[in-house]
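Working notes, structure below.
The values are calculated or read from the model by the stated rules, or taken from the named source; none is laboratory data. This one's a predicted model, so the numbers in the text were calculated from it and none came from an experiment. Cβ coordinates were reconstructed from backbone atoms using ideal geometry, including for glycine residues, and neighbour counts include every protein chain displayed.
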Amino acid sequence: MKCPRCDFENPPSSRFCGACGSELPLADEMDVPTRARESRPSSGIPSIGDIVAGKYRISAQLGKGGMGVVFEAFDIRLKRRVALKFLPPHLTSSPEAKQRFVREAQAVSKLDHPNICTIYEIDETPTGNTFLAMACYNGQTLDRRIKEAPIRPEQAIDIAIQIANALKAAHAKGIVHRDIKPANIFLTEDGQVKVLDFGLAKLASELSITRAGTVVGTVVYMSPEQAGGGAVDGRTDIWSLGVVLYEMLTGERPFKGENEQAVIHSILNEEPRPVSRSVRKLPSGLDRIVGRCLRKNPSDRFA
């Protein structure tokens, strides 16, 4: 029996994978979807071993954050690994909000770009919890990679170019990410970059309109206009890309503070220390590129 997590071929009688130790799906779960047990937790968030939507068997939790919980699962019908992202209730608590998110997910699914995570479908559990079924990749997020060791300039440039290619494709379709950060950048084992969570930040932004003074996103990666609660367009993603590139090159963030308000003050009023002062043998022009991404005025940044 092939392990749905690592593809290792195990003996038919095995209950756990001999390579990665994951619990293997039962034969009847693999071959007879109608016999699968639906997850029934009152919260709508499944547990390991639950079957979601009659076809996804939850095998592991991959991550959790303000934008939802992500699980690794096995598609019983199509025999493939997938990632399921369950949205927090406040993002889909109203029919209007859910409809907006569905439209955004549909738009992103049509991008079909090699540097954007593939969305298979959007669905919900019997308890009404909305989730996305997405491609599941082997590798790690960029934030984990940054914590491991410094990233060589050549590699950082390659990663930044792939992120920029994803943003170019999205912006051409009128889609702005609004939350570009290392945690939303996935690096596959073969070196390909996948940008995650398109559309979620937009939905969160729309739902926070009635809350005065609310900012949506991760503050340290926000553009001045986003941190100030103003209107944003594709150039806010360019700013965030500049912050990510700065962090990849130096291991530090360009704008700092003891709390969110201090960080926002730094973003609005201070200039970051040039990358060249922290990195030796920086490729020619890279200091200028990072600096232009981080211009306070959106019109001064790259298109």
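What strands (runs of 3 or more DSSP E) lie completely within segment 85-158 and have 2 or more residues being touching a residue at least 24 places away in the same chain (Cβ under 8 Å) and of a type in the set (Gly, Ala, Ser)?
130-135
Report, by residue number, each residue of segment 245-303 that is among the small types (Gly, Ala, Ser), out of contact with any Ser or Thr (no Cβ under 9 Å at 6 or more places or on another chain) and modelled with pLDDT of 90 or more.
262, 266, 276, 285, 291, 299
Looking at the structure I just gave you, is residue 110 among the charged types (D, E, K, R), under 15 Å from the mean Cα position of the chain (by Cα) and within 26 Å of residue 237 (Cβ to Cβ)?
It is false that residue 110 is among the charged types (D, E, K, R), under 15 Å from the mean Cα position of the chain (by Cα) and within 26 Å of residue 237 (Cβ to Cβ).
Those residues that are within 16 Å of the chain's Cα centre (by Cα) and of a type in the set (Ser, Thr, Tyr), I need them from segment 130-146; list them, please.
137, 141
Among the residues in segment 65-73, are any touching a helix residue (DSSP H, G or I) at 6+ places or on another chain (Cβ under 7 Å), outside any strand (DSSP E or B), at pLDDT 90 or above and surrounded by 15 or more Cβ atoms within 10 Å (Cβ to Cβ)?
no
If you take the residues of segment 147-161 that are surrounded by fewer than 20 Cβ atoms within 10 Å (Cβ to Cβ) and under 18 Å from the mean Cα position of the chain (by Cα), which of them is nearest to residue 113 (Cα to Cα)?
Residue satisfying both the conditions and the ranking: 161.
Kindly check whether there is at least one residue in segment 229-241 that is within 22 Å of residue 90 (Cβ to Cβ), modelled with pLDDT under 90 and within 15 Å of the chain's Cα centre (by Cα).
No, that holds for no residue.
Name the single residue that is surrounded by the fewest Cβ atoms within 10 Å (Cβ to Cβ) among those in segment 275-303 being of a type in the set (A, V, I, L, M, F, W, C), part of a loop (DSSP other than H, G, I, E, B) and under 26 Å from the mean Cα position of the chain (by Cα).
303
With on the phi > 0 side of the Ramachandran plot and in contact with a helix residue (DSSP H, G or I) (Cβ under 8 Å, 6 or more places away or on another chain) as the only criterion, which of 191, 128 stands out?
Going through 191, 128 in turn, just one is on the phi > 0 side of the Ramachandran plot and in contact with a helix residue (DSSP H, G or I) (Cβ under 8 Å, 6 or more places away or on another chain): 191.
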